[in-house]
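Okay, structure first, notes after.
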Amino acid sequence: MFSISLPLMAISSGLIIKFAKNIIVEDFKKTFEYISNTFLLIGFFFMVYTFAPMYDFSIYTYYAIILTIAVILTLIANLAHKAILTTEERLKNIISKLFDFIILETPRKHVSEEKQIDYVISYEKIINEIGEE
């Protein structure tokens, strides 16, 4: 457990710093990106080092392979982070467009004038319920 806990702590710290980078001032984003990637690389290196046996290779080949795997895992973590943020932004845009359609377009084009007041009251009630959650 001790051999696994320190690499997991480094990987967790790297991911936390990577997510915190998005709320940091623009001047420090590159620094936080570098620090998070360093934490991830070190964490992945020692995680692979813990689980990879050193039977068939020389010591230099063994460390080169571990370093290569750690770099690849760090790149995968960066791509996964970007995918998560991109998906979140896409979902926010979709929700915004749907709300615009519900609030602005639907009453004018698809609801008769005598029912527009009821329609507006009903979607305002739903929006208020969403805001409370």
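The values are calculated or read from the model by the stated rules, or taken from the named source; none is laboratory data. Note that the structure is predicted; figures quoted are calculated from it, not measured. Note: ideal-geometry Cβ built from the backbone for every residue, glycine included; neighbour counts use all protein chains shown. Just the protein is used for accessible areas: all its heavy atoms, side chains included, with ligands, DNA and RNA removed. Shrake-Rupley method; radii C 1.70, N 1.55, O 1.52, S 1.80 Å.
A few notes on this one:
- Checking each residue in the range 3-31 for being within 16 Å of Leu79 (Cα to Cα) and open to solvent by less than 50 Å² (accessible area, probe 1.4 Å) picks out Ile11, Gly14, Ile17, Lys18, Lys21.
- Close pairs from the range 108-132: first in the same structural domain as Leu98 (by the TED database) and without any contact (Cβ under 8 Å) to a residue 40 or more places away in the chain, partner open to solvent by less than 90 Å² (accessible area, probe 1.4 Å) and in a helix (DSSP H, G or I), Cβ under 7 Å, at least 6 apart: Val111/Tyr119; Gln116/Pro107; Tyr119/Pro107; Val120/Pro107; Tyr123/Ile102; Tyr123/Ile103
- Boolean, Tyr62 is in the same structural domain as Lys21 (by the TED database) and over 23 Å from the mean Cα position of the chain (by Cα): no
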